[in-house]
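Colleague: Here it is, the structure in full.
Taken together, the values in this text are just the output of simple stated rules run on the coordinates, not laboratory data. Everything numeric here is computed off the predicted structure, so don't read it as measured data. Here the Cβ positions follow ideal geometry from the backbone for every residue, glycine too, while neighbour counts run over all protein chains shown.
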Amino acid sequence: MGWRSGLLRHVAWFVVATQVLFPKQGQALTQTVERRLVRGRTPLPKPIIAYPANVACPACGGVVEDWHIEWTDPAHGPDLYKGLRCIDCPLCRGWVLYQGQKVQTVPPGDNPQQTRRLPLQAARWAKSQSRQGKLRHYIDQSAPGRQYRDHFTDKEIQDADADAQADPRY
Ligand SMILES: [Zn+2]
């Protein structure tokens, strides 16, 4: 961070000074520098490719409407998308991972970290992202939600909804 903002400040000063001293050439230079900076910056944020919705689970063949990766600890998200962590199918509870841009069963000999969806994370998601607003209602009332009806206990859902609803951050 430090070296980069320092470098940008130097570049900015250089561009300003050049424009004052050589207005015509300075403008062309500014455009070149801007193009370089924009181009240099674009590859940095890698697009996050989501677990695809409505694909068959490689273990049971059932169509999973939503893998709900966002119900896991957010810190584990990057590893899930890199295939370093696996997650269970809501229908058969078989472990799958995301590799080669598709959902696969865990290859023999591979031992990725098993990642659980958390009731509180799910309730926070339901509050801010679902039409129903509560995990209980999302699971009871929506087609993708119904695939998770055996995922958490009633008590877990009730407690998580209460916590999420009381938390002004979500
Ligand atoms: Zn399955």
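Colleague: Peptides 62-73, 91-102: what's the order by average Cβ count within 10 Å, highest mean first?
Modeller: Numbers: 62-73: 18.7, 91-102: 15.7.
Packing proxy ranking, top to bottom: 62-73, 91-102.
Colleague: How much net charge surrounds residue 143 when only the other residues with a Cβ under 10 Å from the Cβ of residue 143 are counted, with Lys and Arg +1 and Asp and Glu -1?
Modeller: Details: positive: 146; negative: 65, 66.
Summing Lys and Arg as +1 and Asp and Glu as -1 gives -1.
Colleague: May I ask you to derive the relative contact order of the range 55-115, considering only C-alpha pairs under 8 Å and at least 6 residues apart, and to give it as an integer percent? Please report the intermediate quantities before stating the final value.
Modeller: On the way: 92 pairs, mean separation 20.1, N = 61.
33 percent.
Colleague: For the residue pair residue 146 and residue 60, what label-to-label distance in nm results when each label sits 7 Å from Cα along the Cα-to-beta-carbon direction?
Modeller: 1.5 nm
Colleague: Moving to a separate point now. HN-Hα J couplings of the range 147-163 from phi, Karplus 6.51/-1.76/1.60, θ = phi - 60°, integer Hz, Gly and Pro as x?
Modeller: 5, 10, 5, 9, 7, 10, 7, 4, 5, 4, 5, 4, 5, 5, 4, 4, 5
Colleague: Under a Cβ-Cβ cut-off of 14 Å, what is the net charge of the residues other than residue 134 that fall near it, where Lys and Arg count +1 and Asp and Glu count -1?
Modeller: Working: positive: 124, 127, 131, 136; negative: 140, 154, 156, 159, 161, 163, 167.
Local charge sum for residue 134: -3.
Colleague: While we're looking at this one, here's another question. Subtract the Cα-Cα distance of residue 99 and residue 165 from 0.36 nm times their separation in residues, and report this length gain in nm to one decimal.
Modeller: Details: separation 66, 0.36 × 66 = 23.76 nm, distance 3.53 nm.
Going from the current span to full extension adds 20.2 nm.
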